[in-house]
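Each remark here refers to the structure printed beneath this line.
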Amino acid sequence: MSDPVRFEAGHHGEGDNTGMTLSVNNLSLGYQDRKVIDRLSLTLPAGKVTSILGPNGCGKSTLLKALARLIAPLEGTVTLGGEDVHRQNTRALARRLSILPQAPLAPEGITVADLARRGRAPWRAFLAPWSDADAKACDDALTAVGMTDLADRPLSELSGGQRQRAWIALVLAQATPLLLLDEPTTWLDLPHQIEVLALLKRRNREAGTTVISVLHDLNLAARFSDHLVLLGPKGLVAEGVPDTVLTAGHLQTAFGLAARIIADPVTGTPMVVPL
């Protein structure tokens, strides 16, 4: 097996990026008698940073779970590289995508380093010895999120923001070419939100990693994303580059929000100013 932990530019390759295209076709999702997503069709571009936006209850997190095969569709399909994710081998799928759910749970007493090590499970055979590649992947992940000095600390002793960065280290250690993250900036103060989103964008730019996140902050999403998906109470409102998605009309439809869109004075990306 080739070393899965190198992240030099172009490591995954153009062909692998094509294989990382996630698509949903006539997808309906729900819980018991409540349908959350109704006949949604869209393609999430490979090799890009995508943010899924929308009001509470519109199905953002539900959609992300379906993309990761954590829930089954009521109807329709989710495909990765053109193949239905529910027909893919579980271990092989875990080498292609990793997910950070909204409220992950960890065993009592687990340390930051042990949490990161769990990200290596898809790459290791049963009872296989810990390899140099495994160690490097974990070390790189902890360094990337600034948690090296806290590696031996129990997760339960950390602040909310520190715990969130430890969980992000786990998905980075998994070293997949596709990352799915449900509100990765939860519990983080603004400087650390920017730091995490910049880290994810840098991973995308340097390694071609496809990054798909659920975010609440519209302005940070516009600043750090190549592609936006905006959901509303009645389904998909818009998708595309930030300039075409974050418009006054779309925000009114999705959120019932009256807003003015101006250029971010730092980046030139769209900035939402509520009225």
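The table that follows gives values for the structure above.
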{"read-out": "Of all residues making up region 93-111, the number that are more than 17 Å from Q162 (Cα to Cα) and at pLDDT below 90", "value": "0"}
{"read-out": "Among the residues listed as I168, I212, the single one being more than 15 Å from R96 (Cα to Cα) and either among the aromatic types (F, W, Y) or within 17 Å of the chain's Cα centre (by Cα) (or both)", "value": "I168"}
{"read-out": "Of all residues in region 77-113 being part of a loop (DSSP other than H, G, I, E, B) and of a type in the set (S, T, N, Q), the one that is surrounded by the fewest Cβ atoms within 10 Å (Cβ to Cβ)", "value": "N89"}
{"read-out": "Residues of region 184-203 satisfying the condition of being touching a strand residue (DSSP E or B) at 6+ places or on another chain (Cβ under 7 Å) and surrounded by 19 or more Cβ atoms within 10 Å (Cβ to Cβ)", "value": "P184, L200"}
{"read-out": "Elements of type helices (runs of 4 or more DSSP H) contained in region 156-258, each with 3 or more residues being out of contact with any His (no Cβ under 7 Å at 6 or more places or on another chain) and without any contact (Cβ under 8 Å) to a residue 24 or more places away in the chain", "value": "190-207, 248-255"}
{"read-out": "Scope region 27-71; condition crowded, with 22+ Cβ neighbours inside 10 Å and among the charged types (D, E, K, R); matching residues", "value": "K60"}
{"read-out": "Region 119-138 residues that are within 19 Å of L178 (Cβ to Cβ), paired with ones that are part of a helix (DSSP H, G or I) and charged (D, E, K, R) (beta carbon under 6 Å, 6 or more apart)", "value": "R120/D134; P122/R91"}
{"read-out": "Which numbered condition L74 misses (of (1) buried (at least 18 other Cβ atoms within 10 Å of the Cβ); (2) closer than 29 Å to S41 by Cβ)", "value": "(1)"}
{"read-out": "Residues located in region 160-183, provided they are of a type in the set (K, R) and surrounded by fewer than 22 Cβ atoms within 10 Å (Cβ to Cβ)", "value": "R163"}
{"read-out": "When residues of region 223-256 are limited to those that are among the aliphatic types (A, V, I, L, M) and surrounded by fewer than 16 Cβ atoms within 10 Å (Cβ to Cβ), the one nearest to S23 (Cα to Cα)", "value": "V241"}
{"read-out": "Residue ID - modelled with the highest pLDDT, chosen from residues in region 186-237 that are charged (D, E, K, R) and under 23 Å from V36 (Cα atoms)", "value": "D217"}
{"read-out": "Condition met for A116 (in contact (Cβ under 8 Å) with a residue 40 or more places away in the chain, in contact with a Cys (Cβ under 9 Å, 6 or more places away or on another chain) and either under 28 Å from D217 (Cα atoms) or outside any helix (DSSP H, G or I) (or both))", "value": "yes"}
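The values are calculated or read from the model by the stated rules, or taken from the named source; none is laboratory data. Just so it is clear, the model here is predicted, and its values are computed rather than measured. In this analysis, Cβ positions are derived from the backbone assuming ideal geometry, glycine residues included, and neighbour counts consider all displayed protein chains.
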